[in-house]
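Here it is, the structure in full.
The values are calculated or read from the model by the stated rules, or taken from the named source; none is laboratory data. Computed from a predicted model, the values in this text were never measured in an experiment. When we count neighbours, we look across all protein chains shown, and the Cβ atoms used for this are built from the backbone with ideal geometry, even at glycine. Side chains are part of the model used for accessible areas, which takes the heavy atoms of the whole protein and leaves out ligands, DNA and RNA. Shrake-Rupley method; radii C 1.70, N 1.55, O 1.52, S 1.80 Å.
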Amino acid sequence: MRYLLTGGSVFDAASGEVSRADVVLDGDRIAAVGTDLDGDEAVDCTGGLLVPGFIDCHTHVGMAQTLGGDPYGLPRSARVLSAVPVLRTLLGLGITTVRDAWGADAGLRLAVERGWIDGPRVLISLRQTGTTGSIGDHWGAGTGPVDFFGDPSMPDPIFDGPDQARAVVRRMVRAGADWIKLAATGSVAAGTGVHDVQLTAEELTAVVDEAARQGGRRVMVHAHGARAAELAARAGAASVEHGVYLDEAAVAAMAEAGTWFVPTLSCTQEAEAPAERAEAHRESVRLALAAGVPIAMGTDNPVSPHTRALREIHHLAEAGLGAAGALRASTLDAAKLLGLAADRGEITERKRADLVLLDGTGLDTEDLASRVRAVWHDGKPVSAVSGSARRA
């Protein structure tokens with residue numbers, strides 16, 4: 001089936017420009033972009049804007065029922081099954097690819113690939129690796145270690161020393177990880193260890209090196225503080241996640257190393273976050289932009305509900321990227337970070353037919369979810385989530 005999307009405008013993610021054009025989808029690929037095109041079935045896009053499918057580079061699709069809840073009282077299957085409505089919601093919002101930052105296992109990725117459940121393509125990191133006492137080390141003074149994520153598909157993420165660091169990477173790869181997630185600081189939500197550097201340069205370098213040896217995998221580093229972010233960049237990490245408290249030395253190191261910044265502004269820009277923290281986070285984005293650090297979109301949901309995922313694009317726009325820059329960060333640039341730009345992230349010939357039709361032809365990002373009129377994933381129409389869900 002060749003779909004002709006006609007009558008609308010197209011957002012060029014590379015240039016940031018909008019122009020009048022039709023698009024032909026043939027199977028899972030974009031066959032043509034231009035005028036005077038034809039297809040088997042025409043879809044009226046009049047008054048709308050076609051943008052590439054959105055890409056969330058930092059989400060947790062399997063944690064909606066465990067984060068802030070009672071993970072100890074839930075059956076282990078609840079973690080995986082809770083991802084089913086989350087994935088459906090994200091796809092309905094036009095998010096067609098996600099990088100899960102821990103919580104999803106290889107079985108969930110397989111279920112999407114085989115069409116057992118509906119959702120965006122899922123890249124997985126399995127667990128948040130880190131040293132003893134890091135935020136992935138679940139331990140209580142009264143209980144000792146309690147690993148409510150642990151099962152054979154979700155290996156032990158804790159290590160100490162470079163040799164154990166290499167071993168933890170190998171465990172994650174053996175279980176199917178696409179990316180290695182590493183915690184270098186504490187948690188801004190918990191308010192502990194935010195500026196600590198919770199591993200050594202030798203440990204971090206070992207993780208990055210071993211990941212590269214294992215099929216060219218790359219490392220995403222949870223780092224709120226500047227020194228941890230700087231260390232991650234100097235060790236060769238692909239991306240720094242969160243970066244609430246960056247400084248000029250940190251962003252200079254990131255720019256020099258080509259390290260991406262995934263700010264996850266939703267962590268601080270929602271109403272319950274302290275004003276000081278929210279402003280510090282926006283300043284980190286401004287510093288990164290001034291230094292030339294590449295930025296990609298990631299939400300860190302469910303810090304806010306997954307139904308609000310597209311709010312992250314507006315937060316990026318408000319923090320200094322502008323509307324076109326924020327849309328690029330959530331499409332083409334996100335694809336570049338994930339190593340997928342040859343396949344998706346733009347509305348151009350031969351790229352994957354992941355597209356979103358927005359009401360109106362402007363680039364305003366303030367309420368993108370309410371503008372979603374239609375979604376195509378791998379060239380197939382997707383039912384958008386209901387208006388009430390989009391506005392939630």
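Out of everything in segment 120-134 that is assigned to a loop (DSSP other than H, G, I, E, B) and modelled with pLDDT of 95 or more, what residue ends up being farthest from Val80 (Cα to Cα)?
Going through the qualifying residues, I end up with Thr132.
Here's another thing I want to ask about it. State whether one or more residues within segment 349-363 are modelled with pLDDT under 95, out of contact with any Pro (no Cβ under 8 Å at 6 or more places or on another chain) and not in a strand (DSSP E or B).
no
Could you list, in sequence order, the residues of segment 209-227 that are open to solvent by less than 20 Å² (accessible area, probe 1.4 Å), within 20 Å of Arg166 (Cβ to Cβ) and in a helix (DSSP H, G or I)?
Glu210, Ala211
So how many residues does segment 178-201 have that are open to solvent by 50 Å² or more (accessible area, probe 1.4 Å), within 21 Å of Ala165 (Cα to Cα) and either in contact with a helix residue (DSSP H, G or I) (Cβ under 7 Å, 6 or more places away or on another chain) or modelled with pLDDT under 95 (or both)?
Selection size over segment 178-201: 1.
Now for a separate question. Could you list, in sequence order, the residues of segment 254-282 that are without any contact (Cβ under 8 Å) to a residue 24 or more places away in the chain and out of contact with any Cys (no Cβ under 8 Å at 6 or more places or on another chain)?
Residues satisfying the conditions are Glu256, Ala271, Glu272, Pro274, Ala275, Glu276, Ala278, Glu279.
Provide a single number: the residues in segment 351-380 that are more than 14 Å from Phe54 (Cβ to Cβ) and either crowded, with 23+ Cβ neighbours inside 10 Å or β-branched (Val, Ile, Thr) (or both).
So the count comes out to 2.
Which ones in segment 286-311 are farther than 16 Å from Ala369 by Cα, within 14 Å of the chain's Cα centre (by Cα) and either assigned to a helix (DSSP H, G or I) or of a type in the set (D, E, K, R) (or both)?
If the condition is that a residue be farther than 16 Å from Ala369 by Cα, within 14 Å of the chain's Cα centre (by Cα) and either assigned to a helix (DSSP H, G or I) or of a type in the set (D, E, K, R) (or both), then Asp300 is the only one that fits.
Just wondering, is there one or more residues in segment 40-51 that are surrounded by 14 or more Cβ atoms within 10 Å (Cβ to Cβ), under 25 Å from Cys267 (Cβ atoms) and within 26 Å of the chain's Cα centre (by Cα)?
So far as segment 40-51 goes, yes, one or more of its residues are surrounded by 14 or more Cβ atoms within 10 Å (Cβ to Cβ), under 25 Å from Cys267 (Cβ atoms) and within 26 Å of the chain's Cα centre (by Cα).
OK, next. I need a count of the residues in segment 5-14 that are closer than 17 Å to Phe54 by Cα and surrounded by fewer than 19 Cβ atoms within 10 Å (Cβ to Cβ).
Total meeting the criteria: 1.
Moving to a separate point now. Any residue that is modelled with pLDDT of 95 or more and either touching a Ser or Thr at 6+ places or on another chain (Cβ under 8 Å) or at negative phi (or both) - is there at least one of those in segment 60-79?
yes
Take the residues in segment 99-125 that are touching an Asp or Glu at 6+ places or on another chain (Cβ under 7 Å) and more than 21 Å from Arg308 (Cα to Cα); name whichever of them is surrounded by the most Cβ atoms within 10 Å (Cβ to Cβ).
Selected residue: Ile124.
Oh, and also: Residue check: is Thr89 under 25 Å from Ser239 (Cβ atoms), open to solvent by 10 Å² or more (accessible area, probe 1.4 Å) and at pLDDT below 95?
Taking the combined requirement at face value, the residue does not satisfy it.
Consider Thr132 against the criteria (1) surrounded by 15 or more Cβ atoms within 10 Å (Cβ to Cβ); (2) in contact with an Asp or Glu (Cβ under 8 Å, 6 or more places away or on another chain): it satisfies all of them except one. Which criterion is unmet?
(1)
While we're on this one: So, Asp56, is that one under 20 Å from Ala374 (Cβ atoms), of a type in the set (Asp, Glu) and part of a loop (DSSP other than H, G, I, E, B) or not?
When the stated conditions are applied, Asp56 does not pass them.
Could you please tell me which pairs satisfy a Cβ distance under 9 Å, a separation of 6+ or placement on different chains, a first residue in segment 19-39 that is closer than 15 Å to Leu50 by Cα, and a second residue that is surrounded by fewer than 14 Cβ atoms within 10 Å (Cβ to Cβ) and of a type in the set (Ser, Thr, Tyr)?
Arg20/Thr35; Ala21/Thr35; Asp22/Thr35
While we're here: For Thr96, indicate whether it is open to solvent by less than 10 Å² (accessible area, probe 1.4 Å), within 17 Å of the chain's Cα centre (by Cα) and closer than 29 Å to Ile180 by Cβ.
It is true that Thr96 is open to solvent by less than 10 Å² (accessible area, probe 1.4 Å), within 17 Å of the chain's Cα centre (by Cα) and closer than 29 Å to Ile180 by Cβ.
Looking at the structure I just gave you, is Ala83 open to solvent by less than 70 Å² (accessible area, probe 1.4 Å), closer than 28 Å to Ala190 by Cβ, at pLDDT 95 or above and not β-branched (Val, Ile, Thr)? Full working, then the answer.
Values: open to solvent by less than 70 Å² (accessible area, probe 1.4 Å): yes; closer than 28 Å to Ala190 by Cβ: yes; at pLDDT 95 or above: yes; not β-branched (Val, Ile, Thr): yes.
Yes.
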